[in-house]
Amino acid sequence: MARTPKTVIKAMMEQFNEEKRFEFQSYGNGGLYSQEQKEYAFNLMAEYGLRATARILKIPRRTLQRWRKQNHIEIKRCPDWVYDWAERRRKRKEFWARKGFC
C-alpha cells in the first residue's frame, strides 16, 4: 500500500511527539510529576505554546496552566511564528482583494 505524503508527515509528527513524551517521562520517578518534568514542559511551552505542549505530552491543558501559575512563569498564548504567519496571511488576502478575487 502506497503511503501518501500526508500520511508520512503525520507519522513523522507522531514519532516526534512520542520522542518528546518519552523524554518527559524519563525525568519522572513514577509518582507525582517531578520538577524536572515541569521544567521540560515549560521549555516546550515556550517553544510550541500551551496547547501544542498539552497535545504533545498528552497532559491536560489545565494541569500545565496550574504549573505555570504556581511557578510564576509567563507563556505567550501563541508561539512567535503564529503572529508572523497571520501577518503574511492578512497581506495575501489584501493583495487578492485588491485584484478582485475575494
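The values are calculated or read from the model by the stated rules, or taken from the named source; none is laboratory data. No experiment lies behind these values; they were computed from the predicted model shown. Counting neighbours? That spans all protein chains shown, and the Cβs are built from the backbone with ideal geometry, glycine included. We work out accessible area using only protein heavy atoms, side chains counted, and drop any ligands, DNA or RNA first. Shrake-Rupley method; radii C 1.70, N 1.55, O 1.52, S 1.80 Å.
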* Carbon and sulfur together cover what percent of the accessible area of the chain at a 1.4 Å probe radius? -> 55
* How high is the relative contact order of the range 1-58, given as a whole-number percent (alpha carbon pairs under 8 Å, six or more residues apart)? -> 36
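Normalised by the number of residues in the chain, what is the relative contact order in percent for Cα pairs under 8 Å and 6+ residues apart?
Normalised by residue count, the contact order of the chain is 21 percent.
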* Structure fact -> Filtered pair list for the range 1-66 (Lys only, Cα < 18 Å, 8 or more apart or interchain) has a length of 5
* Given a 1.4 Å probe and the protein chains all in place, what does the accessible area of residue 44 round to, in Å² to the nearest 10? -> 10
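So, with +1 on the Cβ of K and R and -1 on the Cβ of D and E, and no other charges, what is the size of the charge dipole of the range 1-50 about its Cα centre, to the nearest 20 debye?
On the way: 6 positive and 7 negative charges, 65 e Å.
Computed charge dipole of the range 1-50: roughly 320 debye.
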* Structure fact -> Under a 1.4 Å probe, counting only protein heavy atoms, residue 27 has an accessible area in Å², nearest 10, of 90
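Could you give the dipole magnitude of the chain about its Cα centre, charging the beta-carbon of Lys and Arg +1 and that of Asp and Glu -1, in debye to the nearest 20? Please report the intermediate quantities before stating the final value.
Values: 24 positive and 12 negative charges, 176 e Å.
Its charge dipole is roughly 840 debye.
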* Structure fact -> Given (1) 1.67; (2) 1.14; (3) 1.42 as possible values of Rg/Rh (Cα atoms, Kirkwood Rh), the one from the coordinates is (2)
* Structure fact -> Dividing the helical contributions, -39500 (n - 2.57) per DSSP H run of n ≥ 4, by the residues of the chain yields a 222 nm value, nearest 500 deg cm²/dmol, of -23500 deg cm²/dmol
* Structure fact -> Once the in-chain neighbours fewer than 8 apart are removed, the lysines whose Cα is under 22 Å from residue 99 read 91
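Considering only protein heavy atoms, what per residue accessible area in square angstrom results for the chain with a 1.4 angstrom probe?
81
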* **Nearest-ten-degree value, helix 35-48 long axis tilted from longest Cα axis of the chain** => 0
